[in-house]
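K.L.:
Got a structure for you, written out below as structure tokens; questions coming shortly.
The values are calculated or read from the model by the stated rules, or taken from the named source; none is laboratory data. Everything numeric in this text was worked out from a predicted model, so none of it was measured. FYI the Cβ positions are ideal-geometry reconstructions off the backbone, even for glycines, and counts take in every protein chain you see.
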Amino acid sequence: MTELNETKKHANPGPLGLLGFGMTTLLLNLHNSGIIELSIVIVAMGFALGGAAQIIAGIFEFKFGNTFGGTAFVAYGFFWWSLIIIWTNPTDAIADGDHVSVAFYLLLWGIFTLFMFIATLKHNRATQVVFGTLTLLFLLLSLGDFLENETITVVAGIVGIICGASAIYNAMGQIINAEYGKDIMPLG
């Protein structure tokens, strides 16, 4: 009897994670920049695509041996869920997040993201843009909360729109380039 030695091809979970991150980040930063109100639309997107889709993509990245992708998607997926909990505060026993505590929360995410950005220096330019703008976004949002300065938050929102759009571009570039077997959308 002859054994078949088949090599299984695994789908790339990265585009799903990037799409979840990008679409949710763009939508939230339409709010931060003052274009739309914070509403259940953003909360739902944060829970489903920003949270769940990224966590699922991250688990598959870990399964396929990608520590960077797994860490990024699982961490940022849970970021979205934690942010929703902060916004909705489902318990009366704990005080709502004030500007200072939220500023420290965002600062910690900014520091984490800065280290992830350093890791992207071994990746393509598209990924560097995503993490570079995300680092700037977290630091600006943190500063806006520390200073209670709406202008800084609006500027952060503009950076966030660029960040989210760059993640969507990266995701779609990976999908389209893989489908066509050549670089149609340059990722650098």
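K.L.:
Do we have GLY51 as in a helix (DSSP H, G or I) and in contact (Cβ under 8 Å) with a residue 40 or more places away in the chain here?
P.N.:
Details: in a helix (DSSP H, G or I): yes; in contact (Cβ under 8 Å) with a residue 40 or more places away in the chain: no.
No, not satisfied.
K.L.:
For the structure I just gave you, tell me whether THR153 is surrounded by 17 or more Cβ atoms within 10 Å (Cβ to Cβ) and over 20 Å from ILE36 (Cβ atoms). Reasoning before the result, please.
P.N.:
Working: surrounded by 17 or more Cβ atoms within 10 Å (Cβ to Cβ): yes; over 20 Å from ILE36 (Cβ atoms): no.
No, not satisfied.
K.L.:
If ASN12 satisfies all but one of (1) in a loop (DSSP other than H, G, I, E, B); (2) in contact (Cβ under 8 Å) with a residue 12 or more places away in the chain; (3) touching a His at 6+ places or on another chain (Cβ under 9 Å), what's the number of the condition it fails?
P.N.:
Single failed check for ASN12: (3).
K.L.:
Right, next: Out of the residues in the range 63-80 that are free of Cβ contacts under 8 Å to residues at least 40 places away in the same chain and aliphatic (A, V, I, L, M), state the one that is nearest to PHE117 (Cα to Cα).
P.N.:
Only one residue fits best here, namely ALA75.
K.L.:
Within the range 61-80, identify whether any single residue is crowded, with 22+ Cβ neighbours inside 10 Å and farther than 22 Å from ILE162 by Cβ, and answer yes or no.
P.N.:
Checked against the condition, which is being crowded, with 22+ Cβ neighbours inside 10 Å and farther than 22 Å from ILE162 by Cβ, the range 61-80 yields at least one hit.
K.L.:
Follow-up. Taking THR91 as meeting all but one of (1) surrounded by fewer than 22 Cβ atoms within 10 Å (Cβ to Cβ); (2) modelled with pLDDT of 95 or more; (3) hydroxyl-bearing (Ser, Thr, Tyr), write down the number of the exception.
P.N.:
The failed condition is (2).
K.L.:
Of all residues in the range 74-128, which are in a helix (DSSP H, G or I) and among the polar types (S, T, N, Q)?
P.N.:
First, the residues of the range 74-128 that are in a helix (DSSP H, G or I): 74-88, 99-120, 125-128.
Result: SER82, THR88, SER101, THR113, THR120, THR127, GLN128.
K.L.:
So is GLY69 of a type outside the set (Asp, Glu), over 22 Å from LEU27 (Cβ atoms), in a helix (DSSP H, G or I) and under 12 Å from the mean Cα position of the chain (by Cα) or not? I'd like the intermediate steps shown before the answer.
P.N.:
Numbers: of a type outside the set (Asp, Glu): yes; over 22 Å from LEU27 (Cβ atoms): yes; in a helix (DSSP H, G or I): yes; under 12 Å from the mean Cα position of the chain (by Cα): yes.
Judged against the criteria, GLY69 is a match.
K.L.:
Here is a further query. Picking from PHE21, PHE60, which residue would you name as being over 18 Å from ILE168 (Cβ atoms), in contact (Cβ under 8 Å) with a residue 12 or more places away in the chain, part of a helix (DSSP H, G or I) and not small (Gly, Ala, Ser)?
P.N.:
Details: PHE21 fails: over 18 Å from ILE168 (Cβ atoms).
Testing whether each residue is over 18 Å from ILE168 (Cβ atoms), in contact (Cβ under 8 Å) with a residue 12 or more places away in the chain, part of a helix (DSSP H, G or I) and not small (Gly, Ala, Ser) leaves just PHE60.
K.L.:
Which one of these is in contact (Cβ under 8 Å) with a residue 12 or more places away in the chain, in a helix (DSSP H, G or I) and under 15 Å from ASN124 (Cβ atoms): ILE158, ILE162, ILE152, ILE175? If you could, list the steps in order and put the result at the bottom.
P.N.:
On the way: ILE158 fails: under 15 Å from ASN124 (Cβ atoms); ILE162 fails: under 15 Å from ASN124 (Cβ atoms); ILE152 fails: under 15 Å from ASN124 (Cβ atoms).
Result of the check over ILE158, ILE162, ILE152, ILE175: ILE175.
K.L.:
Out of (1) among the small types (Gly, Ala, Ser); (2) surrounded by fewer than 21 Cβ atoms within 10 Å (Cβ to Cβ); (3) modelled with pLDDT of 95 or more, the odd one out for GLY51 is which?
P.N.:
Of the numbered conditions (1) among the small types (Gly, Ala, Ser); (2) surrounded by fewer than 21 Cβ atoms within 10 Å (Cβ to Cβ); (3) modelled with pLDDT of 95 or more, the odd one out for GLY51 is (2).
K.L.:
Could you tell me which of the residues VAL154, VAL129 is farther than 30 Å from LYS9 by Cβ and either at pLDDT 95 or above or of a type in the set (Phe, Trp, Tyr) (or both)?
P.N.:
On the way: VAL129 fails: farther than 30 Å from LYS9 by Cβ.
Unique residue meeting the criteria: VAL154.
K.L.:
Scan the range 129-142 and report the pairs whose first residue is part of a helix (DSSP H, G or I) and whose second residue is acidic (Asp, Glu), with Cβ atoms within less than 9 Å and a gap of 6+ or a chain change.
P.N.:
none
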